[in-house]
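This report concerns only the one structure given below.
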Ligand code: GLN
């Protein structure tokens, strides 16, 4: 089973760990930069991105995390999506700056920022339940970003090569298709390396 870290500073990392186990990966809780060594992929969970950032900005953790997500599969959900994005607005804050997207925090009005929707996505298997909690909105994505699902025309689930991001919380639904896709990316990336194919082809 591939080893997938879950950044466990704050937020709903435990639910991600369960979703990873269900999807055939072995979760590892990550609280220091040293613990990133040897991981095959990483999930940055939802929660409060400013709180996570404050913790990451100590002891060079943010820099090590950036090096990791630049080359290895990473999946950010909600606050994690905010941390991966190149541009963060409303309010602006620093980020890992790898996902070619602009993200506006707390972008939905008070009444609709937390809601459960069900909609078709580009994943096979019918409508997907999507749990939004004080959700950000991806207002802009680059040409290299594949939109797998949207809400009112704004991307909510995207993939950019070895990176995935969701503005909702797939770990809170029983449906495991989103985590399975990420674990699949992690496995393909591993196999690609082992047979020394270019990562781009494998993923
Ligand atoms: N509003 C939070 C933030 O800005 C994200 C909410 C979430 O992760 N559920 O970090």
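Taking the conditions (1) modelled with pLDDT of 95 or more; (2) assigned to a loop (DSSP other than H, G, I, E, B); (3) within 16 Å of the ligand (Cβ to nearest atom) in turn, residue 91 satisfies each one other than (1). Within the stretch 1-32, the set of residues being assigned to a strand (DSSP E or B) and buried (at least 20 other Cβ atoms within 10 Å of the Cβ) comprises 4, 5, 6, 7, 27, 30. Of the residues making up the stretch 65-88, those that are within 9 Å of the ligand (Cβ to nearest atom) and either part of a helix (DSSP H, G or I) or over 24 Å from residue 159 (Cβ atoms) (or both) are 79, 80, 81, 82, 83.
Select from the stretch 33-64 the residues that are surrounded by 14 or more Cβ atoms within 10 Å (Cβ to Cβ) and assigned to a loop (DSSP other than H, G, I, E, B) and write down the one among them that is nearest to the ligand (Cβ to nearest atom). Ranking the candidates gives 46 first.
Could you please let me know if residue 96 is within 21 Å of residue 19 (Cβ to Cβ), without any contact (Cβ under 8 Å) to a residue 60 or more places away in the chain and part of a loop (DSSP other than H, G, I, E, B)? Answer is no for this residue.
Checking the structure you have, find out if any residue of the stretch 149-166 is over 13 Å from the mean Cα position of the chain (by Cα), more than 23 Å from residue 109 (Cβ to Cβ), part of a loop (DSSP other than H, G, I, E, B) and more than 16 Å from the ligand (Cβ to nearest atom). No: the stretch 149-166 contains no residue that is over 13 Å from the mean Cα position of the chain (by Cα), more than 23 Å from residue 109 (Cβ to Cβ), part of a loop (DSSP other than H, G, I, E, B) and more than 16 Å from the ligand (Cβ to nearest atom). All of 135, 101 fail the test of being within 16 Å of the ligand (Cβ to nearest atom), in contact (Cβ under 8 Å) with a residue 40 or more places away in the chain and over 16 Å from residue 50 (Cβ atoms), apart from 101. Within the stretch 44-60, residues that are in contact (Cβ under 8 Å) with a residue 60 or more places away in the chain have Cβ atoms under 7 Å from residues that are within 12 Å of the ligand (Cβ to nearest atom) and in a loop (DSSP other than H, G, I, E, B) in these pairs: 45/11; 45/12; 46/11; 46/12; 46/78; 46/133; 46/169, counting only partners at least 6 apart in sequence or on another chain.
The values are calculated or read from the model by the stated rules, or taken from the named source; none is laboratory data. Everything numeric here is computed off the predicted structure, so don't read it as measured data. Backbone-built Cβ (ideal geometry, glycine too); neighbour counts: all protein chains shown.
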